[in-house]
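Here is the structure we will look at, set down as structure tokens.
The values are calculated or read from the model by the stated rules, or taken from the named source; none is laboratory data. Because the structure is a prediction, the values reported are computed rather than measured. Virtual Cβ from ideal backbone geometry, glycine too; neighbours counted across all protein chains shown.
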Amino acid sequence: MLHSHKNYLILFLFVFASISIKSETNPYKFIDDNAQKMVKVLTNNSELFLSNREAYENKIKEIFEPMIDFRRVSASVMGKKYYLIASHEERDNFVLIFKDSLLDTYAETLAQWGDSTISTEFPNNTDIDIDVKTIEVKQILDTGSSEYPISYKLRLVKEKWKIVNIIINGVNLGLTFRNQFQALVISNEENIELTIKNWVSDAGDAGIS
């Protein structure tokens, strides 16, 4: 268990970045290859964060944004009840707000993990059933002082693997953000528009201890 709420969010954002724009038919190799590329990007651009923060954030966002199925994740975060209550416009607005909040927080915190390493657990048989649409890929994040197990849930979307959920050190981030949304919408008397307006992605406010 991490010692602070913020560290969970930082880890969550960092491991999301382990995937790049390139699509692979083998999700294990896809994640592992691009995780190593991301580690190199962090190492080579650590000074850019201090000298030109906007350029650094844009570099990270270009890699990160295409990798997540934001529409599916956003719908899951809202939950079935509130997703059905929400108008189409509100759903679209939440996708944008949820995406932006993650991208911004991610870009601000990623620089802290430039010395980390990631290892992927490959199955004995790496052949993937062509009918499989979802798959779990496991990794270990080594920060130098601690190791954290990571479990990705990937979904095949238009022949591209995309992340739809992630579990870090036993903490289900999809469920965590859903609990956060539900708590916020209840406090706003189930006013979806107001809830979306006040949304801030924060794993620490979602009950992680």
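Below is a table of values for the structure above.
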read-out: Counted residues, the range 90-135 - those being under 19 Å from the mean Cα position of the chain (by Cα) and at pLDDT below 70; value: 10
read-out: Which listed residue is at pLDDT 90 or above and either over 14 Å from Tyr82 (Cα atoms) or surrounded by 16 or more Cβ atoms within 10 Å (Cβ to Cβ) (or both), from Lys162, Lys197; value: Lys197
read-out: Every pair of residues 6+ apart whose Cβ atoms lie under 8 Å, when the first sits in the range 151-164 and is under 16 Å from Glu65 (Cβ atoms) while the second is assigned to a strand (DSSP E or B) and aromatic (Phe, Trp, Tyr); value: Ile163/Tyr152
read-out: Number of the condition not met by Ser18 [criteria: (1) at pLDDT 60 or above; (2) part of a loop (DSSP other than H, G, I, E, B)]; value: (1)
read-out: Counted residues, the range 168-194 - those being crowded, with 20+ Cβ neighbours inside 10 Å and in a strand (DSSP E or B); value: 2
